[in-house]
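These notes concern the structure reproduced below.
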Amino acid sequence: MQKKQVAVIDIGSSKITAVIGERGVNKTFVIKAKYSFEYDGFEDGVFFDVKRLRQVLYSAVNYFNRGSSIKLDTVYVGVPGEFTKVYVRDAQLTFTKKRKIVEEDMNALFDGAYSSPLSNYTLINRSAIVYELDDFRRMANPVGATSEILSGRLSFILCSNYFIEVVKNTILEAGVSNVECVSSALAEALYLVDPEARDKIAISLNVGYISTTLSIIQGDGLLYQYSFPFGGGYLTAALVERFTLPFSVAENLKRKINLSALPFENEMIEADDGETYSLDEVLLTIKTSLDSLCAIINEAFEKSGYSLPERLSFFLTGGGIAYIRGAKEYVSERLNRQIEIVAPKVPLMDKPSNSTMLSLLDLALEQ
């Protein structure tokens, strides 16, 4: 029997990745086809070059048509945090008598709780942070439990109509029958963060190339999300500005450093252009940029309105800074929080840069 195959498009801040995959053993994946397309990215919820983006999306669909042995009716598209908003609502249903909770009750709870808060956004995901019954039992899935009351704290994720118009409609025009937009941050939360950590409160920080998304997670939903322009490319740009380097030279110089190292007096580091630069100045430039990142994160925590204990699960992922030696330790110290780098537990693909792609693939296969 033909295994279920799904098609996923990961909209990153510097490249778009098209993947066709199926489920492997032990919840791993079999990648049938994968290709990445470079493009200019986005900032503040707007794509820099829509024409180029549309060309890439057409290429991705053509790639799907060549790469799959079966007809793919649906394409799942990951929506970056800069194009989404998160709303949390409390809701309650009261029944005439105690009875078993069924799936329809949960749907009714969600339907009654949601009303569109923004005319230029469309609902794409809804999930429960927690359910509670009349005896104050809290559970992740109340189906089958007996209660006179079903209440819940519910999370709704909305996608900007701009993203739907530009991305979803382009993919439909390219010949796909159905396009499902899903939150990349929610997919990562459900795939990368263990349920035990999510039962409390966890933080996910995905630092990409030019965009970062901070998510506060609980249960199966997002409590809060904050996206802002920052990423590994910003560190490279800081080196370009400080030392007047070509961008490619600065990028490779960044990849050589270790932020945990203590440079010797007057120690120099050689760049790919053959020139040497003060290692102390290079490290200071990168650390100053990371200080800006930490300041934004602390500001986001304050804006969230949640009181976050110091000891909670804090995960760093994405391809922006996780690969820089000592970056995790430096950010941990600046935020006074223990941070753990998280990546897919998949052989040969266990890198933070693959987190969003495989999280979306996992979510699509679970549908």
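Some points to look at:
- Criterion applied to R66, R89, R52 was being basic (K, R), in contact with a Ser or Thr (Cβ under 9 Å, 6 or more places away or on another chain) and either outside any helix (DSSP H, G or I) or open to solvent by 20 Å² or more (accessible area, probe 1.4 Å) (or both), and the one residue passing it is R89.
- Residues located in region 248-263, provided they are free of Cβ contacts under 8 Å to residues at least 24 places away in the same chain, under 16 Å from S289 (Cα atoms) and open to solvent by 10 Å² or more (accessible area, probe 1.4 Å): E251
- Residue within region 156-166 that is open to solvent by 10 Å² or more (accessible area, probe 1.4 Å), closer than 25 Å to N120 by Cα and out of contact with any strand residue (DSSP E or B) (no Cβ under 7 Å at 6 or more places or on another chain) present: yes
- Taking each residue of region 301-314 that is modelled with pLDDT under 95 and looking for partners that are surrounded by fewer than 10 Cβ atoms within 10 Å (Cβ to Cβ) with beta-carbon atoms closer than 7 Å, six or more apart or interchain, yields E310/N336.
- One residue alone among E267, E241 is touching a helix residue (DSSP H, G or I) at 6+ places or on another chain (Cβ under 7 Å) and of a type in the set (D, E, K, R), and that residue is E267.
- Residue in region 344-366 that is over 23 Å from K4 (Cα atoms) and β-branched (V, I, T) present: no
- Near pairs, Cβ below 7 angstrom, 6+ apart or cross-chain, from region 102-120 (closer than 18 Å to K85 by Cα) to any residue that is in a helix (DSSP H, G or I) and open to solvent by 50 Å² or more (accessible area, probe 1.4 Å): N120/N161
- One residue alone among T276, T288 is in contact with a strand residue (DSSP E or B) (Cβ under 8 Å, 6 or more places away or on another chain), exposed (fewer than 14 other Cβ atoms within 10 Å of the Cβ) and not aromatic (F, W, Y), and that residue is T276.
- As for region 167-174, it holds no residue that is within 13 Å of the chain's Cα centre (by Cα) and open to solvent by less than 50 Å² (accessible area, probe 1.4 Å).
- Index of the failed condition, I321 passing every other in (1) within 14 Å of L239 (Cβ to Cβ); (2) open to solvent by 50 Å² or more (accessible area, probe 1.4 Å); (3) outside any helix (DSSP H, G or I): (2)
- Some residue of region 16-33 being open to solvent by 10 Å² or more (accessible area, probe 1.4 Å) and touching a Cys at 6+ places or on another chain (Cβ under 8 Å): no
- Residue within region 291-306 that is in contact with a Phe, Trp or Tyr (Cβ under 8 Å, 6 or more places away or on another chain), open to solvent by less than 40 Å² (accessible area, probe 1.4 Å) and closer than 20 Å to I341 by Cβ present: yes
- Picking from residues in region 346-358 that are in a helix (DSSP H, G or I) and touching a strand residue (DSSP E or B) at 6+ places or on another chain (Cβ under 8 Å), the one that is farthest from V8 (Cα to Cα) is P352.
- Here is the figure for region 97-147: residues that are of a type in the set (S, T, Y), surrounded by 11 or more Cβ atoms within 10 Å (Cβ to Cβ) and not in a strand (DSSP E or B) total 2.
The values are calculated or read from the model by the stated rules, or taken from the named source; none is laboratory data. No experiment lies behind these values; they were computed from the predicted model shown. Note that each Cβ is placed from the backbone with ideal geometry, even for glycine, and that neighbours are counted across all protein chains shown. Accessible surface is based on the protein model in full, side chains and every heavy atom, while ligands, DNA and RNA are left aside. Shrake-Rupley method; radii C 1.70, N 1.55, O 1.52, S 1.80 Å.
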